[in-house]
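Colleague: Dropping the structure in here first, questions after.
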Protein chains: 2
Amino acid sequence: MATIKEVAKLAGVSVATVSRTLNKNGYVSENAREKVEAAIKELEYYPNEVARSLFQKTSKMIGLLLPDISNPYFPLLMKGIEESAREHGYSIILGNVEEGSEAGNDYMTLFAQQNVAGVLSAVENTLSHQQAMPVVMLDRVMEVDDYAVYTNDVKGGILAAQAIVDRDPGKVVIIAGPKTVPGAIDRLIGVLSVLNPTNVEYEIVETQSFSIKEAEVTAKEIFRRYGKIDSVIASNDLFALAVMKEAQRRGSRVPEDIQVIGYDNIPFSQLVYPGLTTISQPAFQVGYQAADLLVRRIKQKDIQNKRIKLDPELVVRDSLREREEK
Amino acid sequence: MATIKEVAKLAGVSVATVSRTLNKNGYVSENAREKVEAAIKELEYYPNEVARSLFQKTSKMIGLLLPDISNPYFPLLMKGIEESAREHGYSIILGNVEEGSEAGNDYMTLFAQQNVAGVLSAVENTLSHQQAMPVVMLDRVMEVDDYAVYTNDVKGGILAAQAIVDRDPGKVVIIAGPKTVPGAIDRLIGVLSVLNPTNVEYEIVETQSFSIKEAEVTAKEIFRRYGKIDSVIASNDLFALAVMKEAQRRGSRVPEDIQVIGYDNIPFSQLVYPGLTTISQPAFQVGYQAADLLVRRIKQKDIQNKRIKLDPELVVRDSLREREEK
C-alpha cells in the first residue's frame, strides 16, 4: 500500500502539502491540489483512518444501539441513519440489543474502546460511559434525554382512536405496548384522550414487548377473554396483523365484523389482505435527522433544537369500516 | 480515563506485565494476572482498540455488505453474524447497498481505510481492494468465490416444486428471481428438475429484483396475463404474500382456488391468513457460520471446508391444498 511520502514524490510536492490537501486545512494552490489528487488516484493511496483517528482522538465512526433488528420498523430507521451518516462521511458500528437484555452496556464499553465519535441509541436508559462520547437518543426517548429525535406518539394515538371513533366503533380493545417504552405510554394517552369523552366501551390489554411471538399469543388471548370485539387499536403493526389473522381464522370478516388499526406502517402492512390501515411513523426521517443531530453535536455546531419531534400520519387502507357520515 | 501505567502501579507490577496479561502472550504468574485484572476492574481501564489496531495493523472490526436491509431476510442473517462476531470479540461495521447500486465499492474502500480485519458480503461481485483483506461471501455466492456460506438452493427449488406436484398442481406459474442472483437460478433449476419429468403445465415469469414494489406489480401482472392459475411457486415470501393478497382481492380462496408457496420463511409468513407454506432458509445459521469462517481466516486457522452449503426445509402452513393420497 502506498505511503504519503510516495504520494508527495509522485506529485512533486512536500509531504506537508499532501497532508494539508488531505485534511483540507491551510493553503494549497489549485495546481498542487490537482497533482496531489492525481497521485492519490494513481497510487490508490488511502489515508489510514485508524492512524487518523488515533491522532484526532476520535474516529469517523458512530455506534448504533437498536433494540431488535428483526422488527421491520428498525431497518427503516437504520436506512435513514446510514444515509445521513454516509453524507457526513461517518460509518456505523452496529449493536443489536435483544429487548430486555443487558448487552447495551457492553456495547457502550466497546464503542468507547473503539473511540467512536458518538452514539445513536434506541435502547432506553443508555448511559454514556464518558462525558466525551456524545449520545443522541432516537425513537424511544425519555423526558431526561437532552438530545433526541422521535415521533409525536400522543398525536399518533389520537389519530388512531379518532379513525376508530369515526367508524362505528362498537366494543374496542386497546392493545397497549410495554409501560417501559415511553412512546407506548404516549400512544395510550392519545387514544384515551379521544375515547374518554365519548361513551365508547373499551378494554385495555397491556403487553410486555412488541415481538411477533407475544403478538400471536395476545391475539388468541383477547378473543378468548372478550368474545365479541368490534374494533382493535393495536400497539404496532405486528400485533395488528396477528389480530387480523386470528379473526380470519375464527371466521370473522375484516373489516365488516372486526376492524383493526396498526402503528408503524411497516412494509408488510400493505402486503396483507385486506391492507392494514395504520399510523405511519416517519422512521426514515427519525433516523436521518438523529444522525444529522449527532454529527452536529460531534462537530460542536450551534444547535437550535435539541429535541426534534416529528409528526405521524394516518394511512388508510382496507382494515377499517367506511367512515360514518355525520 | 485510566492509563496502562496507573494499572501497573495499582497492581504493583511492571507495564510490560500488564501488556502481556492484556495480549495473552508471554508468561504471567497466576498471582500477577489476578492483581492486574483487579486493577483493570477498579480503574475501569479500557485498552484503546484504536491504538491496538494501529499497532497490530488490523482492528477487531468486520465490514458487512448487505444488499437491502429492509428485506426481512437480511436482519435474520445479521443476527447470526452479530452473535458469532461478538463471541469472537469482533464488532460489525454496516454497509447497506441498494440493489443495483455501485455503493459496494465505496464501502470496500472505506473498510480498507478503517483497517477492518475482514469483510462479509452478500453483494455479488464484491472485489477485495487489498489481498490483505479477507472476504467471505454469504447467501449470494458465485462459483468463483473461494470462501462462502450459503443455502442449497437447488434443493430448495426441488422441495418447493415437489410440494406443489403432490397437491393437485393444475396450471403452475413459477416466479423466478433475477438471473444476476446465483441462488435464484439454482432454485429455478431445482423447480424445473421436478416439473419437467411430469406433464404439469407451467409458465415462468422472471423478475428484476426481490423487492416489495416489484412483488405487487408482478402479482397483478400474472393474473392479467394468465387468467386462471392453480398454483404459484414464488421466488421469495414477499412475492408469495403479494400473490396471495391479489388472489384474495380478486375473490379467490387460498388454497382452495389457488395455492401459493414462498421462499425464505421470513417472520411475517406466519402472520398472514392463511399462514404461508414456504421453504425455510437457515438465515441465522448462514450468518453465524459465515462470521465464524471469516474469523478463522483472519486468525489463519486451518480450514477444512471453505464453502459451506446448508440445507433448506419445507415449512408447511395453510397456503397449500391437502396432499393427495397416492
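The values are calculated or read from the model by the stated rules, or taken from the named source; none is laboratory data. Because the structure is predicted, anything quoted here is derived from the model rather than measured. Here the Cβ is made from the backbone with ideal geometry for all residues, glycine too, and neighbour counts use every protein chain on show.
Colleague: Do any helices (runs of 4 or more DSSP H) lying entirely in region B:62-181 carry at least 3 residues that are within 17 Å of the chain's Cα centre (by Cα) and within 14 Å of another protein chain (Cβ to nearest Cβ), and which ones are they? Don't jump to the end; show me each part of the working.
Modeller: Numbers: elements: B:73-87, B:103-113, B:153-165.
The helices (runs of 4 or more DSSP H) meeting that bar are B:73-87.
Colleague: Let me ask you something else. Report yes if some residue within region B:203-211 is of a type in the set (Asp, Glu) and in the same structural domain as B:Gly183 (by TED's automatic domain parsing); otherwise report no. Outline the logic, then answer.
Modeller: Residues of region B:203-211 of a type in the set (Asp, Glu): B:203, B:206.
Then drop every residue that is not in the same structural domain as B:Gly183 (by TED's automatic domain parsing), which leaves B:203, B:206.
Within region B:203-211, one or more residues are of a type in the set (Asp, Glu) and in the same structural domain as B:Gly183 (by TED's automatic domain parsing).
Colleague: Looking at region B:217-224, can you tell me whether even one residue there is surrounded by fewer than 20 Cβ atoms within 10 Å (Cβ to Cβ), part of a helix (DSSP H, G or I), among the basic types (Lys, Arg) and over 30 Å from the mean Cα position of the chain (by Cα)?
Modeller: yes
Colleague: How many residues are outside the structural domain of A:Ile81 (by TED's automatic domain parsing) and more than 20 Å from A:Gly183 (Cβ to Cβ) if we restrict to region A:282-316?
Modeller: So the count comes out to 1.
Colleague: Another question, if that's okay. Checking the conditions here, which among A:Thr198, A:Thr278, A:Thr207, A:Thr218 is of a type in the set (Ser, Thr, Tyr), in contact with a Lys or Arg (Cβ under 8 Å, 6 or more places away or on another chain) and either more than 10 Å from chain B (Cβ to nearest Cβ) or more than 27 Å from B:Lys245 (Cβ to Cβ) (or both)?
Modeller: Answer to the selection: A:Thr278.
Colleague: Regarding B:Ser269, is this residue under 22 Å from B:Val243 (Cα atoms), in contact with a Leu (Cβ under 7 Å, 6 or more places away or on another chain) and assigned to a helix (DSSP H, G or I)? Talk me through it step by step, then tell me what you get.
Modeller: Details: under 22 Å from B:Val243 (Cα atoms): yes; in contact with a Leu (Cβ under 7 Å, 6 or more places away or on another chain): yes; assigned to a helix (DSSP H, G or I): yes.
Judged against the criteria, B:Ser269 is a match.
Colleague: If we scan region B:242-251, do we find a residue that is free of Cβ contacts under 8 Å to residues at least 24 places away in the same chain and not in a helix (DSSP H, G or I)? If you could, list the steps in order and put the result at the bottom.
Modeller: Of the residues in region B:242-251, the ones free of Cβ contacts under 8 Å to residues at least 24 places away in the same chain are B:248-249, B:251.
Now narrow it down to the ones that are not in a helix (DSSP H, G or I): B:251.
Yes, region B:242-251 has at least one match.
Colleague: Oh, and also: Examine region B:279-302 for a residue that is free of Cβ contacts under 8 Å to residues at least 60 places away in the same chain, closer than 24 Å to B:Asp168 by Cβ and in contact with a Ser or Thr (Cβ under 6 Å, 6 or more places away or on another chain), and state whether such a residue exists. Outline the logic, then answer.
Modeller: Filtering region B:279-302 for residues free of Cβ contacts under 8 Å to residues at least 60 places away in the same chain gives B:280, B:296, B:299-302.
Still in the running and closer than 24 Å to B:Asp168 by Cβ: B:280.
Add one more test, that the residue is in contact with a Ser or Thr (Cβ under 6 Å, 6 or more places away or on another chain), and what stays is none.
Within region B:279-302 (the criterion being free of Cβ contacts under 8 Å to residues at least 60 places away in the same chain, closer than 24 Å to B:Asp168 by Cβ and in contact with a Ser or Thr (Cβ under 6 Å, 6 or more places away or on another chain)), the answer is no, since none of the residues qualifies.
Colleague: Name the single residue, out of those in region B:226-245 being within 19 Å of the chain's Cα centre (by Cα) and polar (S, T, N, Q), that is farthest from the other protein chains (Cβ to nearest Cβ).
Modeller: Checking each candidate, the answer is B:Ser235.
Colleague: Would region A:293-305 turn up any residue that is within 22 Å of A:Arg140 (Cβ to Cβ), out of contact with any strand residue (DSSP E or B) (no Cβ under 9 Å at 6 or more places or on another chain) and surrounded by fewer than 16 Cβ atoms within 10 Å (Cβ to Cβ)? Spell out the reasoning first.
Modeller: First pass over region A:293-305, keeping only residues within 22 Å of A:Arg140 (Cβ to Cβ): A:293-298, A:303, A:305.
Keeping just the survivors that are out of contact with any strand residue (DSSP E or B) (no Cβ under 9 Å at 6 or more places or on another chain) gives A:296, A:303, A:305.
Those still in the list that are surrounded by fewer than 16 Cβ atoms within 10 Å (Cβ to Cβ) too: A:303, A:305.
Within region A:293-305 (the criterion being within 22 Å of A:Arg140 (Cβ to Cβ), out of contact with any strand residue (DSSP E or B) (no Cβ under 9 Å at 6 or more places or on another chain) and surrounded by fewer than 16 Cβ atoms within 10 Å (Cβ to Cβ)), the answer is yes, since at least one residue qualifies.
Colleague: Applying the selection to region A:60-83, what residues are polar (S, T, N, Q) and either surrounded by fewer than 22 Cβ atoms within 10 Å (Cβ to Cβ) or without any contact (Cβ under 8 Å) to a residue 40 or more places away in the chain (or both)?
Modeller: Of region A:60-83, the ones polar (S, T, N, Q) are A:70-71.
If the condition is that a residue be polar (S, T, N, Q) and either surrounded by fewer than 22 Cβ atoms within 10 Å (Cβ to Cβ) or without any contact (Cβ under 8 Å) to a residue 40 or more places away in the chain (or both), then A:Ser70 is the only one that fits.
Colleague: Let me ask another. Scanning for something at pLDDT 95 or above, surrounded by fewer than 21 Cβ atoms within 10 Å (Cβ to Cβ) and more than 23 Å from A:Thr218 (Cα to Cα), does region A:180-189 turn up at least one residue?
Modeller: no
Colleague: Can you name the condition, by its number, that A:Pro274 falls short on among (1) within 25 Å of the chain's Cα centre (by Cα); (2) more than 21 Å from A:Ala176 (Cα to Cα); (3) in a loop (DSSP other than H, G, I, E, B); (4) not basic (Lys, Arg)?
Modeller: Failing condition for A:Pro274: (1).
Colleague: Restricting attention to region A:252-272, report how many residues are within 11 Å of chain B (Cβ to nearest Cβ), at pLDDT 95 or above and surrounded by fewer than 21 Cβ atoms within 10 Å (Cβ to Cβ).
Modeller: Residues in region A:252-272 being within 11 Å of chain B (Cβ to nearest Cβ), at pLDDT 95 or above and surrounded by fewer than 21 Cβ atoms within 10 Å (Cβ to Cβ): 1 in total.
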